[in-house]
1. Could you please find all residues in the stretch 175-204 being closer than 25 Å to Ser136 by Cα and in contact (Cβ under 8 Å) with a residue 24 or more places away in the chain?
2. Can you tell me which residues in the stretch 118-159 are more than 20 Å from Ile63 (Cα to Cα) and outside any helix (DSSP H, G or I)?
3. Scan the stretch 28-48 and tell me whether some residue there is in contact with a helix residue (DSSP H, G or I) (Cβ under 9 Å, 6 or more places away or on another chain), surrounded by fewer than 16 Cβ atoms within 10 Å (Cβ to Cβ) and hydroxyl-bearing (Ser, Thr, Tyr).
4. So Glu189 fits all but one of (1) in a helix (DSSP H, G or I); (2) charged (D, E, K, R); (3) at pLDDT below 90; what number is the exception?
5. Which residue out of Arg115, Arg66 is touching a Ser or Thr at 6+ places or on another chain (Cβ under 8 Å), in a helix (DSSP H, G or I), within 18 Å of Leu25 (Cα to Cα) and in the same structural domain as Asp172 (by TED's automatic domain parsing)?
6. When you scan the stretch 9-32, how many residues do you find that are at pLDDT 95 or above and among the β-branched types (Val, Ile, Thr)?
7. Hey, does the stretch 139-152 have a residue that's buried (at least 18 other Cβ atoms within 10 Å of the Cβ), at pLDDT below 95, of a type outside the set (Gly, Ala, Ser) and on the phi < 0 side of the Ramachandran plot?
8. Which condition number in (1) of a type in the set (A, V, I, L, M, F, W, C); (2) touching a residue at least 24 places away in the same chain (Cβ under 8 Å); (3) surrounded by 13 or more Cβ atoms within 10 Å (Cβ to Cβ) is the one that Ala80 fails?
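The values are calculated or read from the model by the stated rules, or taken from the named source; none is laboratory data. Everything quoted here is computed from the prediction, not taken from an experiment. Don't worry about glycine lacking a Cβ; one is built from the backbone with ideal geometry, like all the others, and counts go over all protein chains shown.
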Amino acid sequence: MTKGQPGLRERKKAATRDAISWAALCLAVERGLENVRVEDIAARAGVSPRTYNNYYSSKAEAIVSRQHDRIRQAAEELRARPAGEPLWEALTHALLARFEGATEEPDPNWTAAVRLLLREPSLQAELTRGAVVVRSGLAAAVAARTGTDATRDLYPKLVAAAALAALQTADDHYLAADPVVPYQPLLTEALRQVAAGLPDPSSH
């Protein structure tokens, strides 16, 4: 095992966690959240209900964990980026690496169903709860890279909040776009504008 890289057991656990989360999302999109049982999710993911319960305590947690896990992975990737790379360049690479497959136009039926699903109060609550944790982790990675303190200093918290605001805005735009548009270019542009200091477009 390469130093700093997860071992086989950790990779298998991460794959299982991701499979369960993806199964939960797909079934909720297909049937509606209230019509999905834990047993359905476990069967779709190819695991037992007991295994499901070892990873998640609710359907909402399972569904939103994909997004939160991506941000956690981006924080780890940021720590591993070359030391001489400018912060926002490194941060952009780290976030975009989590969405490498999102370059094609999505199915409009899928985006419409996800948009409807995200109105569920339980999902909104879980997204809010988990956001605090992942924002803190990203701020810590920024602090480690910039020699600041994630607890005392404003800067790493601001950078993490700004990056996640760009991510959320790209998400919202992606789900609302008509006609549909690919996700990755939206996120790239959102991060570019934030990194540039959000210049006033009316001045050009």
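1. Start the filter on the stretch 175-204 by keeping residues that are closer than 25 Å to Ser136 by Cα, which leaves 183-184, 186-198.
Selection gives Tyr183, Gln184, Leu187, Thr188, Ala190, Leu191, Arg192, Gln193, Val194, Ala195.
2. Gly147, Thr148, Asp149, Ala150, Thr151, Arg152, Asp153
3. yes
4. Checking Glu189 against (1) in a helix (DSSP H, G or I); (2) charged (D, E, K, R); (3) at pLDDT below 90, the one that fails is (3).
5. Arg66
6. Qualifying residue count, the stretch 9-32: 2.
7. No, because not a single residue in the stretch 139-152 is buried (at least 18 other Cβ atoms within 10 Å of the Cβ), at pLDDT below 95, of a type outside the set (Gly, Ala, Ser) and on the phi < 0 side of the Ramachandran plot.
8. (3)
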